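Before any comments, here is the structure.
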Amino acid sequence: MENLLKYSNSPYLKQHESNPVYWQPWNKETLEKAKKSQKPIFLSVGYASCHWCHVMAHESFEDNETAKIMNEKFINIKVDREERPDLDYVFQRSLSILTGAQGGWPLSMFLDENGVPFTGGTYFPPKEMHGRPNFKSVLENVSDVYRKNREKIISQVDQMKSVFDELNRKTSVLNQPLEPFVERIIQYLDKENGGFKGAPKFPQFYMFDAIFYFYLKTNNKIYLDAVELLLKKISSRGIYDQLGGGISRYTVDKDWIIPHFEKMLYDNIQYVDLLSKFYNSTKNDYYKDKLKQTISFINLEFKNKDNLLGSAYDADSDGIEGLFYTWGYDEIKEILKESYSIFEKKYEITKEGNFESKNILIEKENFQLNKEEFHIIEEIVKKLLLKRNERNKPFFDDKAQIDLNSFWIYSNFQASIVLDDEDLKEKTINTLKLINNKTSDKIYHCNKNDEVDVFLEDYVYYCLALLSYYEIEGNDKYLNILIENMNETWKLFFDQKNKLLQKNKISDNDLFVNPIDINDNNIPNGNSVFLNLCNKLNLITKENHWLDKTEILKKTFHSLINYNSTQMFSYIKSLDLLEENISFTFHGNKEKFNEIIKILLKKYFSRASFVYEKSTKEDFIIVCRNKVCSDKIYEINSIESFLQYEKSV
């Protein structure tokens with residue numbers, strides 16, 4: 001055997017192509033090798049910007065002695081979790097079932113020769129440390145246990161499958177009020193620093209997006225305050241790159257100061273999306289500046305050779321975490337000289353630093369600058385960026401994922417509406433055209449030629465991007481492509497037994513269980529987004545099968561949500577959108593209503609449906625809310641009056 005990762009397309013897997021471990025890809029051929037050899041499988045799952053994945057690689061996978069044990073006693077499989085989110089979901093859950101551990105990356109699982117897990121962990125050190133056993137002893141022990149108990153371990157497959165069946169247990173509830181779920185979650189929020197209590201601290205934007213939706217619906221200031229505190233702390237602290245824009249994945253402290261410096265595309269998409277909605281509601285220019293800076297950063301620094309967005313930036317450069325982003329006190333004073341006194345009015349800089357004797361830039365509370373000082377700060381930021389760019393940049397995983405690129409299109413459409421930015425809108429439309437061209441023969445996740453090449457979220461978020469284009473432009477150019485792909489989504493992913501959409505194609509599943517993932521993870525779950533799309537297509541096409549799909553999913557979501565509400569917050573929003581069901585149907589010549597459409601898009605793009613009936617000879621608007629529709633309407637005040645009246649009854 002040999003290390004086969006040199007044939008991989010994944011930047012993460014290519015980082016391991018020179019390991020002395022005989023790494024194999026996850027595919028049918030490798031699984032067949034395990035069966036024939038009757039050896040257990042060691043499965044390592046990670047991603048390119050994962051700090052502890054790199055640590056374990058340097059300590060163990062590059063070590064010849066460790067590799068010798070692995071090669072002799074295991075079939076070793078290395079997986080990029082971003083290439084196989086279905087696999088990552090199944091084995092993260094398996095770890096929790098088998099050991100009670102929370103999971104994370106690197107994920108280190110031991111499977112029987114049929115690909116069924118029987119034990120595992122995350123990071124294992126080369127020497128025993130903080131209660132973690134050393135990796136070589138783990139390998140020896142697991143191999144010994146498997147050799148002595150092979151038949152018994154293999155026979156546990158039905159037990160594992162039954163546990164997975166229990167994960168998505170249901171109640172008999174078919175409908176229920178949804179705001180109480182939001183009211184309950186508020187008590188767990190950090191009233192001082194925003195987000196949820198404790199550390200490490202993740203933004204969990206999908207939850208705050210739902211909270212903000214309920215603010216817009218109810219005008220309850222408690223919801224607004226929760227979102228404002230989160231965005232203020234994130235935007236002003238170390239998790240946000242104060243020079244370049246964009247946020248890191250999480251912070252290790254409760255104050256959002258010390259990030260784990262990797263920058264993930266999926267976090268920044270949702271940061272931009274929530275910022276857009278918040279700025280649109282508050283008109284606070286502080287958030288407008290952060291919004292524009294982050295959009296510019298992503299559209300510039302995340303672009304790959306195909307003009308799509310890659311996945312992530314590493315936390316490390318030159319082997320040191322955060323080196324690219326941190327500053328010495330004397331270093332900054334030397335660079336800025338006399339302008340340092342202005343710089344320290346906005347940013348906290350100390351000789352001691354706040355991270356390993358260096359400074360992560362954070363804004364001072366309630367800083368005040370005059371116009372001239374603001375201009376000076378802008379020039380200082382440019383100067384420091386130029387200086388920073390002389391350093392070696394962190395590794396960039398340039399792997400384009402269709403789901404994330406499509407979600408970015410949606411968030412940029414939203415931002416272009418809020419910012420009145422025609423240039424951003426046109427660039428976003430061009431990106432949509434590019435994805436259309438690349439997926440013209442088939443939709444895929446990262447690589448067209450993989451055995452398992454596409455997932456639910458790729459279809460769903462691509463459809464979201466297509467539908468957003470229709471709603472904004474009133475152009476049905478892509479409507480047929482949208483409808484075709486929505487029908488295909490149901491055909492490929494709908495699981496009749498669970499009445500849910502499966503994470504991978506049902507026909508292509510190569511895992512020991514079907515990955516029925518109901519949780520919101522890195523992004524809102526594809527099931528939740530698909531529900532909203534079905535409702536919109538029912539309004540646009542008037543075809544009842546979309547309503548049928550909506551009803552099936554609605555009942556399933558309600559039956560699941562009581563056991564899983566904190567992991568299903570995007571569903572709470574989607575289900576409530578379905579109940580509100582606000583729609584604007586523009587009959588006749590759309591051009592006559594352009595100004596009204598512009599106003600309505602700003603206020604309702606993320607929480608209403610926009611329908612264009614061009615065949616009607618008369619020009620008028622019909623507004624509906626919760627299955628009640630208006631008479632013919634011709635001007636904006638009548639629209640708002642109708643919506644306010646329907647809200648009050």
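Note on the chain: Kirkwood hydrodynamic radius from all Cα pairs is 26.4 Å, rounded to one decimal. A helix-only calculation puts the chain at -16000 deg cm²/dmol for mean residue ellipticity at 222 nm, using -39500 (n - 2.57) for each DSSP H run of at least four residues, averaged over all residues. A 1.4 Å probe run over the chain, with the rest of the protein chains in place, finds 42 Å² accessible per residue.
Using a cut-off of under 16 Å, list every residue of region 84-108 whose amide N is near the label point 7 Å from the Cα of GLN159 along the Cα-to-beta-carbon line. The answer is 94-100.
In terms of overall dimensions, region 323-462 has a Cα radius of gyration and Dmax of 21.4, 60 angstrom.
Straight-line cross-link partners of LYS387 among the aspartates and glutamates, defined as a Cα under 16 Å from its Cα and at least 8 positions apart when in the same chain: ASP241, ASP330, GLU331, GLU334, GLU378, GLU379. What are the GluC sites (Glu not before Pro) within region 190-266 that DSSP puts in a loop, where the Cβ has at most 12 other Cβ atoms within 10 Å? Loop-located and lightly packed - GLU192. Here the accessible area of the chain is 47 percent carbon and sulfur, with a 1.4 angstrom probe and all protein chains present. Working note: Cα atoms of region 364-431, range along each principal axis, descending, whole Å: 40, 35, 24.
For PHE324, the residues whose amide H sits under 5 Å from its own are SER317, ignoring neighbours fewer than 5 places away on the same chain, with H placed 1.01 Å from N.
Take the convex hull of the alpha carbons in region 119-228; its mean projected area over all directions comes to 11.7 nm². Rounded to the nearest whole Hz, the Karplus-based 3J(HN,Hα) values (6.51 cos²θ - 1.76 cosθ + 1.60, θ = phi - 60°) of region 129-135 follow the sequence 7, 6, x, 8, x, 6, 5, with x at glycine and proline.
Computed over region 530-649, the range of Cα coordinates on each principal axis works out to 48, 30, 24 Å, biggest value leading. Taking 28 Å as the cut-off for C-alpha to C-alpha distance, list the pairs among LYS536/LYS590; LYS288/LYS438; LYS217/LYS503; LYS6/LYS161; LYS201/LYS364 that go past it. Going by Cα-Cα distance, LYS288/LYS438; LYS217/LYS503; LYS6/LYS161 fall outside the 28 Å limit. With a Cα-only, solvent-free Debye model of region 172-276, what are the log10 I(q)/I(0) values at q = 0.13, 0.18, 0.19 Å⁻¹? The calculated log intensity ratios at q = 0.13, 0.18, 0.19 Å⁻¹ are -0.47, -0.84, -0.91. Relative contact order for region 1-74: 33 percent, from Cα pairs under 8 Å spaced at least 6 residues apart, divided by residue count. Among the GluC sites (Glu not before Pro) within region 372-444, those in coil by DSSP and having at most 15 neighbouring Cβ atoms inside 10 Å are GLU390. Legend: distances between Cα atoms for LYS290/LYS337; LYS573/LYS602; LYS14/LYS393; LYS399/LYS491; LYS233/LYS292; pairs beyond 24 Å are LYS290/LYS337; LYS399/LYS491. Sorting the Cα pairs of region 1-72 by distance into bins of 10 Å, from 0 upward, gives 18, 54, 27, 1 percent per bin. Residues THR251, THR350, sorted by accessible area with the largest first, give THR350, THR251 [1.4 Å probe; ligands and nucleic acids excluded]. Please sort by residue number the GluC sites (Glu not before Pro) in region 2-75 whose DSSP state is loop and whose Cβ has at most 14 other Cβ atoms within 10 Å. Those satisfying the criteria are GLU2, GLU17.
Considering region 451-504 at the alpha-carbon level, its Rg and Dmax are found to be 12.5, 39 Å. Rounded to two decimals, the Cα-based Rg/Rh of region 35-144, with Kirkwood Rh, is 0.93. Counting only cysteine Cβ atoms and a cutoff under 4.7 Å, the chain contains unmatched residues CYS446, CYS463, CYS534.
The values are calculated or read from the model by the stated rules, or taken from the named source; none is laboratory data. Given the structure is predicted, the values throughout are model-derived calculations rather than measurements. Cβ atoms come from the backbone with ideal geometry, glycine included; neighbour counts cover every protein chain shown. Just the protein is used for accessible areas: all its heavy atoms, side chains included, with ligands, DNA and RNA removed. Shrake-Rupley method; radii C 1.70, N 1.55, O 1.52, S 1.80 Å.
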